[in-house]
Amino acid sequence: MSWIENRPLRIILRWQLLVTIVIAIAVGLLVDLQSAISAFLGGSVSFVSSAAFAIIVSRHKGYSASETIRTALRAEAVKIILIIMMLWLVFRFYEDVNAFAFIGTFVITVIVHSMALFVSDHTKNKINN
């Protein structure tokens, strides 16, 4: 069973991971290994924080509007705290960070996360009766 029951968030997480890997490879081929690592780290910050958000949202079982808002705010708070901590960790401990590759990939994967609104939550019925 998946930790993330929300289909749009599962799909978006896969896209974030794919975008991160593609950008890291492209940057590695075009620039250098340190920049590729920076790009991968930037995408990873967004991916990990989005995964935490998705796990919290997937555990939501309440049906009232106030419970839904409370869960969404808690998930967003955890996501922001993780982003701040991971950004600080990378800039503090990775001396060879290429800030452009790191922040650029981070921003692109954050934009990919916002695309979850466009992913349908319904699966198509493959059997037509």
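The values are calculated or read from the model by the stated rules, or taken from the named source; none is laboratory data. What you see is a predicted model; the values in this text were computed from it and never measured. Please note: Cβ atoms are built from the backbone with ideal geometry, for glycine as well, and neighbour counts cover all protein chains shown.
Report whether or not residue 29 is assigned to a helix (DSSP H, G or I) and at pLDDT below 95. In short, no.
Here's the yes/no breakdown for (1) within 22 Å of residue 34 (Cβ to Cβ); (2) at pLDDT 90 or above:
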| site | (1), (2) |
| --- | --- |
| 73 | no, yes |
| 94 | yes, yes |
| 99 | yes, yes |
| 102 | yes, yes |
| 105 | yes, yes |
| 111 | no, yes |
| 116 | no, no |
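No other residue among 72, 101, 36, 65 is over 15 Å from the mean Cα position of the chain (by Cα) and exposed (fewer than 12 other Cβ atoms within 10 Å of the Cβ) apart from 65.
Taking the stated definitions as given, is residue 41 surrounded by fewer than 17 Cβ atoms within 10 Å (Cβ to Cβ), assigned to a helix (DSSP H, G or I) and either in contact (Cβ under 8 Å) with a residue 12 or more places away in the chain or out of contact with any helix residue (DSSP H, G or I) (no Cβ under 6 Å at 6 or more places or on another chain) (or both)? No. Among the residues of region 45-65, the one identified as free of Cβ contacts under 8 Å to residues at least 40 places away in the same chain, assigned to a helix (DSSP H, G or I) and not hydrophobic (A, V, I, L, M, F, W, C) is 49. For first residues located in region 86-103 and touching a residue at least 40 places away in the same chain (Cβ under 8 Å) and among the aliphatic types (A, V, I, L, M), partners that are buried (at least 19 other Cβ atoms within 10 Å of the Cβ) and in a loop (DSSP other than H, G, I, E, B) and lie 6+ apart or on another chain with Cβ distances below 7 Å form the pairs 90/97.
Of all residue pairs spaced 6 or more apart or on separate chains, those with beta-carbon atoms under 8 Å, a first member in region 7-33 that is free of Cβ contacts under 8 Å to residues at least 60 places away in the same chain and surrounded by 15 or more Cβ atoms within 10 Å (Cβ to Cβ) and a second member that is assigned to a helix (DSSP H, G or I) and of a type outside the set (S, T, N, Q) are 10/54; 13/47; 13/51; 13/54; 17/43; 17/47; 28/36; 28/39. So, residue 46, is that one of a type in the set (S, T, N, Q), buried (at least 16 other Cβ atoms within 10 Å of the Cβ) and over 10 Å from the mean Cα position of the chain (by Cα) or not? No; evaluated as a whole, the condition is false for this residue.
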